[in-house]
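One structure is given below, encoded as structure tokens.
The values are calculated or read from the model by the stated rules, or taken from the named source; none is laboratory data. If you're wondering where the values come from, they're calculated on a predicted model, not measured in any experiment. Note: ideal-geometry Cβ built from the backbone for every residue, glycine included; neighbour counts use all protein chains shown. Only protein heavy atoms, including side chains, enter the accessible area calculation; ligands, DNA and RNA are left aside. Shrake-Rupley method; radii C 1.70, N 1.55, O 1.52, S 1.80 Å.
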Amino acid sequence: MEAGDEALVEQWDAWKSGKLGKVPAAVLLELIEACQARRSSAPALEERLATHDKALAEKAGTAAAFEECLEGGDAKLGKEIALQNLTANCTACHKFESKEGSTVGPALNLIGKQKDRIYLLEALITPSKAVAPGFGIMTVTLKDGKMLTGTLVANTSSTLQLRLADGALEKVDTAQIESKTDPISVMPPMGAMLNKRQVRDLVAYLASLDGGASKKSSKSGNSPK
Ligand code: HEC
């Protein structure tokens with residue numbers, strides 16, 4: 001085993017044993033990539049990655065499978081993906097820093113101020129897990145057999161309000177409801193469309209969206225004073 005491989009094994013074990021002080025979360029993806037690049041030459045790495053891949057397969061489709069995308073990343077590249085990537089197509093549904101744009105999904109100009117990185121990662125990987133209020137689509141079946149599908153606008157113990165596809169607001173008495181589905185998001189899960197670097201860059205970009213406050217207050221970046 002090469003000396004470099006030994007160092008990788010050491011870092012890997014430090015990460016897996018929870019000693020993240022030694023492995024900054026911002027370089028987790030780089031560590032995994034470096035280990036992957038060497039796995040065929042170093043049995044100790046191959047063994048660790050095989051275990052890792054198995055655990056990953058069990059977490060497939062959850063934000064936990066993207067833990068290395070939480071910290072670090074390049075907000076500038078993330079912005080390019082948000083505005084230009086045709087597969088992810090974010091701008092078909094969202095406004096980011098401009099006032100004009102789609103209103104299918106919530107405006108995201110302040111999202112970095114409102115939500116933490118874990119929330120942002122989950123919003124990308126499992127959109128229907130925590131649906132932004134006023135944007136969930138649900139189907140309600142009434143006791144008389146009538147079915148209504150629309151965006152859940154408000155929900156109290158006595159009434160539920162749905163915005164139907166034609167824009168009309170329908171108030172439903174909860175006593176009349178036979179069954180209802182959980183609100184789901186029309187946003188596609190991004191884990192299947194983007195690679196881990198892209199997801200991490202997007203999280204970094206979303207986390208930086210504070211309505212322009214940071215650009216106004218300081219030009220020298222985040223370095224401590
Ligand atoms: C087909 C439309 C659609 C596309 C494409 C789409 N989104 Fe969404 N997005 C939504 C809707 C609708 C919601 C609100 C429901 C929810 O919380 O999932 C949402 C919610 C979100 C949220 C959570 C907002 C909040 O206030 O909780 C984030 C962050 C987000 N989207 C980012 C993105 C990014 C980044 C992309 C591109 C990589 C993207 N979306 C692509 C429709 C879309």
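A few points about this structure:
- Per-residue HN-Hα couplings for region 88-100 [Karplus 6.51, -1.76, 1.60; θ = phi - 60°; Hz; x = Gly/Pro]: 6, 6, 3, 6, 5, 10, 10, 9, 10, 9, 9, 7, 8
- Share of alpha-carbon pairs per 10 Å distance bin for region 137-180, given as whole %: 32, 61, 7
- Gained length - LEU86 relative to GLU47, 0.36 nm times residue gap less alpha-carbon distance: 10.3 nm
- Cα-based helix-to-principal-axis angle, 196-208 vs the chain, degrees rounded to 10: 60 degrees
- Counting only alpha carbon atoms, the long axis of helix 3-16 and the longest principal axis of the chain meet at about 40°.
- Taking Cα centre as origin and charging only the Cβ of basic (Lys, Arg, +1) and acidic (Asp, Glu, -1) residues, the dipole magnitude of the chain rounds to 820 debye.
- Alpha-carbon gyration tensor eigenvalues x 5, square-rooted, for region 1-97, Å: 31, 15, 13
- Over region 117-225, the Kirkwood radius and the radius of gyration, each from Cα atoms, give a ratio Rg/Rh of 1.16.
- For region 3-58, the Cβ-based charge dipole about the Cα centre amounts to some 140 debye (Lys, Arg positive; Asp, Glu negative; other atoms uncharged).
- Each 5 Å bin from zero up to the one holding the largest Cα-Cα distance in region 3-58 carries the following percent of pairs: 4, 19, 33, 27, 14, 2, 0.
- Measuring nothing but protein heavy atoms, the accessible surface of the chain at 1.4 Å probe radius is 55 percent carbon and sulfur.
- Relative to the globular-protein estimate of 2.2 N^0.38 Å, the Cα radius of gyration of the chain stands at 1.27.
- The aspartates and glutamates within cross-link reach of LYS76, meaning a Cα-to-Cα straight distance under 20 Å and a gap of 8 or more places when in the same chain, are GLU30, GLU68, GLU97, ASP116, ASP201, ASP210.
- For the chain, the 222 nm mean residue ellipticity estimated from helices alone, with every DSSP H stretch of n ≥ 4 adding -39500 (n - 2.57) and the total spread over all residues, rounds to -11000 deg cm²/dmol.
- The chain - accessible surface per residue (Å², probe 1.4 Å): 58 Å²
- Each of SER17, ALA50, ILE118 was placed along the dipole of the chain (beta-carbon charges, centred on the mean Cα), and the one lying farthest toward the positive end is ILE118.
- 30 Å Cα-Cα threshold exceeded, pairs from LYS95/LYS129; LYS59/LYS115; LYS113/LYS180: LYS113/LYS180
- Length gained on full extension, ALA7 to GLU58, computed as 0.36 nm times the residue gap minus the Cα-Cα distance: 15.6 nm.
- Between LYS22 and ASP182, residue separation times 0.36 nm minus the direct Cα-Cα distance comes to 53.4 nm.
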